[in-house]
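The structure under discussion appears below in the form of structure tokens.
No lab work stands behind these numbers, since they all come straight from the coordinates. For clarity, every value in this text was computed on a predicted model and none was experimentally measured. No Cβ is skipped: glycine too gets one built from the backbone with ideal geometry, and neighbour counts run over all protein chains shown.
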Amino acid sequence: MLLALRILAALLLVVAVVAVATWWRASARKAAAEERYPPEGRFVQVDGHPVHYVQQGAGPDVVLIHGASGNTRDMTFAFADRLAGRYRVTVFDRPGHGYTPRLAQNGVTVADQARLLSGAARALDVARPVVVGQSFGGAVAMAWAVHHPDQTAAVVSIAGATHPWEGTLDRLYATLALPWIGRPLAWLIAAWVPMDFMESQVEGVFAPQAEPPGYAGHIGLGLVMRPQNILANAHQRTDLRAELREQRKAYPDLTMPIEIVHGTADTIVGLEVHSEKLAKEAPNAHLTRLPGIGHMPHHAAPEATAAAIDRAAERAGLR
């Protein structure tokens, strides 16, 4: 009995040491990331909830919404500058990402995100913008169109996740989304996963194209690796498929112009599963297939992606 108590005490001591070390290292990494990558823009309040945004340029309004595990910096790396000569471009951090706090611990739908961001747009006098979303941001852009059609001049989906897909959910994200397990796992990841590994993951997102020089240094991978961001991303990705089953039912009723840009070599968000279905279901949708392009057309094929935004603006009567 005494031996068992000693073993238990030793195990509890080890757990306590690991927990303290994990908390300290994750907190230090978080502080370092926020010091190196402070907010790029400003904040607007929506019902007391701060939303981080970057705004530049002049002209008709275009809103850019980033994908999963992202923030404004994905769009400000190069693409926003490309548009700012002819549009007023507003880039938002989605809730739970970058510097926009989460709306809730879990259960935040794409409709909730669209409500918050469309509210932020109204607060900034951004009226009836062309709403542009990449990857997960495409789901939010379509939710914006479905739930706030009077505040949507047009939509551009860039490799957007717009439809439910087959197969099992990603095991890591599903585990992170579990109560009690997810939070300590997020802190462990934030503390101990090497940044070199995260950089290799970024490279994979661009395949088969190469990651643009300087991209990883600009986007602030340390911001993505903060525990609260990890948890928000996991919950949102795990819940998305069920949400899209319902959301897609409204696509045939949409009347605004919809431009879709999708690479034929995208292995992350499949062209056939998402964009080809959207092109068939939404009455005013137009699909541009980009041969050989992967999941990041706004970086790998920026001219074609910007041209889709121009077409959307013209079809909406903004240009």
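Rounded to the nearest 0.05, what FRET efficiency do A32 and R82 give with R0 = 35 Å and r taken as the Cβ-Cβ distance? Could you check?
After rounding to 0.05, the efficiency reads 0.70.
Work out the FRET efficiency for Q228 and W165 from their Cβ-Cβ distance, taking R0 = 22 Å, and round it to the nearest 0.05.
0.25
Can you list the HN-Hα couplings for segment 141-147, worked out from phi with the Karplus curve (6.51, -1.76, 1.60; θ = phi - 60°), rounded to whole Hz and with x for Gly and Pro?
Those phi angles translate into 4, 5, 5, 4, 5, 5, 9 Hz.
Specify the residue with the greatest mean-square fluctuation among D125, D61, D239, computed from a Gaussian network of the chain linking alpha-carbon atoms under 10 Å apart.
Result for the chain, Cα springs under 10 Å: D125 fluctuates most.
Enter the Cα centre distance for the pair segment 171-228 and segment 28-105, rounded to the nearest angstrom.
18
Please give the peptides 144-155, 166-177 ranked by average Cβ packing (other Cβ atoms within 10 Å per residue), highest first, as a rough proxy for protection.
Numbers: 144-155: 21.1, 166-177: 13.0.
Top of the packing list down: 144-155, 166-177.
Determine which lysines satisfy two conditions relative to K249: a Cα distance under 16 Å, and not lying fewer than 8 residues away in the same chain.
Of all the lysines, those that pass the test against K249 - Cα under 16 Å, at least 8 places apart if same chain - are K277, K280.
Once you've got the GNM for the chain with C-alpha springs shorter than 10 Å, pick whichever of H97, H299, H262 has the biggest mean-square fluctuation.
Its mean-square fluctuation being the largest, the pick is H299.
Taking amide hydrogens as modeled 1.01 Å from N in the peptide plane, which residues meet the under 5 Å criterion relative to A68, leaving out close sequence neighbours?
The list, which skips near neighbours in sequence, is F136, G137.
At R0 = 30 Å, how high is the FRET efficiency between L172 and T264 if r is their beta carbon distance? Nearest 0.05 is fine.
Here the calculated transfer efficiency is 0.65.
In whole Hz, with x marking every Gly and Pro, tabulate ³J(HN,Hα) for segment 172-183 from phi via Karplus 6.51 cos²θ - 1.76 cosθ + 1.60, θ = phi - 60°.
So the Karplus estimates, Gly and Pro as x, are 5, 5, 5, 5, 4, 7, 6, x, 6, 8, x, 5 Hz.
Can you list residues whose amide H is under 5 Å from V156's amide H, if they're 5+ apart or on another chain and H is modeled 1.01 Å from N?
Excluding prolines and chain starts, which carry no amide H, the hits are V131, V132, G133, E259.
Using +1 at the Cβ of each Lys and Arg and -1 at the Cβ of each Asp and Glu in the chain, identify which of V132, T305, L178 lies farthest towards the dipole's positive end.
Of the listed residues, the answer is L178.
In a Gaussian network model over the chain where Cα atoms closer than 10 Å are linked, find which of A139, A32, A232 has the largest mean-square fluctuation.
In the Gaussian network model the winner is A32.
Can you sort T162, T109 so the residue with the fewest Cβ neighbours within 10 Å comes first? It would help to have the intermediate numbers written out before the result.
Values: T162 29, T109 19.
With the sparsest Cβ surroundings first, the list reads T109, T162.
Is segment 42-315 rounded, prolate or oblate when judged by the Cα gyration tensor, a ≥ b ≥ c being the square roots of its eigenvalues, rounded requiring a/c under 1.5 and prolate requiring a/b larger than b/c?
Rounded.
With the dipole of the chain worked out from charges on the C-beta (+1 for Lys and Arg, -1 for Asp and Glu) around the Cα centre, which of W192, M256, V205 lies farthest toward the positive end?
Among W192, M256, V205, the one farthest towards the positive end of the dipole of the chain is W192.
With charges set only on the Cβ (+1 for Lys and Arg, -1 for Asp and Glu), what does the dipole of segment 93-204 come to about its Cα centre, in debye to the nearest 20?
Working: 7 positive and 9 negative charges, 76 e Å.
Computed about the Cα centre, the dipole is about 360 debye.
Mind listing the long-range amide H neighbours of D61? Cut-off is under 5 Å, sequence gap 5 or more, other chains count too, H placed in the peptide plane at 1.01 Å from N.
Those lying under 5 Å, H to H, from D61 are R88, V130.
What is the gain in length, in nm to one decimal, between E303 and K280 on full extension, counting 0.36 nm per residue of separation less the C-alpha to C-alpha distance?
The E303-K280 span can extend by a further 5.8 nm.
Treating only the Cβ atoms of Lys and Arg (+1) and Asp and Glu (-1) as charged, compute the dipole magnitude of segment 42-315 about its Cα centre; round to the nearest 20 debye.
420
When the Karplus curve 6.51 cos²θ - 1.76 cosθ + 1.60 is applied with θ = phi - 60°, which whole-Hz ³J(HN,Hα) does each residue of segment 285-299 get, with x for Gly and Pro?
9, 10, 9, 10, 8, 10, x, x, 8, x, 7, 10, x, 5, 9
Quote to one decimal, in nm, the extra length available between Q56 and D196 on full extension: 0.36 nm per residue of separation minus the C-alpha distance between them.
Answer, rounded to one decimal: 47.2 nm.
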